[in-house]
Amino acid sequence: PFYGLCCGAAEGHKVLYDREVPFEIRNQADAGTRDNEVGSLEAIRVKILVMGEERNPLTLRIELTSENDLFFHFNHNLDEHGFRSVQDMQKLMVEFPDYPNVLIRMFNMCIKEPETHLAVFVIEREGLARLDFIQNMEYKFVELLSCNFVMSPEDVVRQHIGFRYNTVKSRLSLVTARLQDLESLIKVKNPSLLLQINKAQQGKDKANSSTMSSRSKAFT
């Protein structure tokens, strides 16, 4: 689904990648959660953005959002200077201009081969998080790359929710207008058919209402 203009793009970044990727979410912010505890599998929307030229970016940004949780909004920001420390710590064999393409390949492998390529997102305390790309080698798990994330500020989250709400609202308006056009056309061309459709819909609404009422009584 499309949620409108993302926050990074609104700031002048160029979107290089925008797909839903299967993530394993592990929430270690809760007390008592073990490091090796298996998390929940969720489809996370991943956006990779760059500032500057695509082949020689000044900065890179990854935005993570969730269809199931409006308040799930994390970001990873890196420039060439910050990349140097990541490169040294993780023994990466690529330079900063190649980093976006490496990430894109990683995410695509998690989509194409989810049994062997895993994206594990670990939510830590104080708004920090970590994304680990892990390959299942059958005899061991190998960590290929790790990216640090932070929870987006409250104003960014509010802006993101506003984009999503307005997009859904505009889509609803378009669908409602289209439905009214169809209803008017059927009314002119075949009024009896419109009556049949309305009666059938009323029957469905009554059946759904009866089912909901029965379920409500069962829980009281």
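The values are calculated or read from the model by the stated rules, or taken from the named source; none is laboratory data. Here the structure is a predicted model, which means the values were calculated and not measured. Note that we place each Cβ from the backbone using ideal geometry, even for glycine, and neighbour counts take in every protein chain shown. All accessible areas refer to the heavy atoms of the entire protein, side chains included, with ligands and DNA or RNA removed. Shrake-Rupley method; radii C 1.70, N 1.55, O 1.52, S 1.80 Å.
Scanning the stretch 109-127 for residues that are of a type outside the set (D, E, K, R), open to solvent by 30 Å² or more (accessible area, probe 1.4 Å) and in a helix (DSSP H, G or I) turns up 109, 111.
Among the candidates 65, 33, the residue that is among the β-branched types (Val, Ile, Thr) and modelled with pLDDT under 70 is uniquely 33.
Only residues that are open to solvent by 40 Å² or more (accessible area, probe 1.4 Å) and assigned to a strand (DSSP E or B) were counted across the stretch 47-68, and they come to 4.
Pairing each residue of the stretch 38-59 that is at negative phi with any residue that is hydroxyl-bearing (Ser, Thr, Tyr) and open to solvent by 30 Å² or more (accessible area, probe 1.4 Å), provided the two are 6+ apart or on different chains, yields C-beta distances under 9 Å for 49/59; 50/59; 51/59. Annotation for the stretch 77-89: at least one member residue is free of Cβ contacts under 8 Å to residues at least 60 places away in the same chain, in contact with a Ser or Thr (Cβ under 6 Å, 6 or more places away or on another chain), farther than 16 Å from residue 130 by Cβ and part of a strand (DSSP E or B). Of the set (1) within 15 Å of residue 25 (Cβ to Cβ); (2) free of Cβ contacts under 8 Å to residues at least 24 places away in the same chain; (3) crowded, with 16+ Cβ neighbours inside 10 Å, all apply to residue 74 but (2).
Hey, any hits in the stretch 144-159 for a residue that's open to solvent by 70 Å² or more (accessible area, probe 1.4 Å), closer than 24 Å to residue 28 by Cβ, part of a strand (DSSP E or B) and modelled with pLDDT of 95 or more? Yes, that holds for at least one residue.
Scanning the stretch 163-200 for residues that are over 30 Å from residue 67 (Cα atoms), among the basic types (Lys, Arg) and open to solvent by less than 70 Å² (accessible area, probe 1.4 Å) yields a total of 0.
Could you grab the pairs with beta carbons closer than 8 Å, sequence gap of 6+ or different chains, first residue in the stretch 161-181 and closer than 22 Å to residue 45 by Cβ and in a helix (DSSP H, G or I), second one open to solvent by less than 60 Å² (accessible area, probe 1.4 Å) and not hydroxyl-bearing (Ser, Thr, Tyr)? Short answer, once both residue conditions are applied: 163/4; 163/6; 164/4; 166/4; 167/4. Identify, by number, the condition in (1) within 18 Å of residue 19 (Cα to Cα); (2) free of Cβ contacts under 8 Å to residues at least 60 places away in the same chain; (3) open to solvent by 50 Å² or more (accessible area, probe 1.4 Å) that residue 133 doesn't meet. Exception for residue 133: condition (3).
When 130, 125, 105 are checked against the criterion of being touching an Asp or Glu at 6+ places or on another chain (Cβ under 8 Å) and among the charged types (D, E, K, R), 130 stands alone in meeting it.
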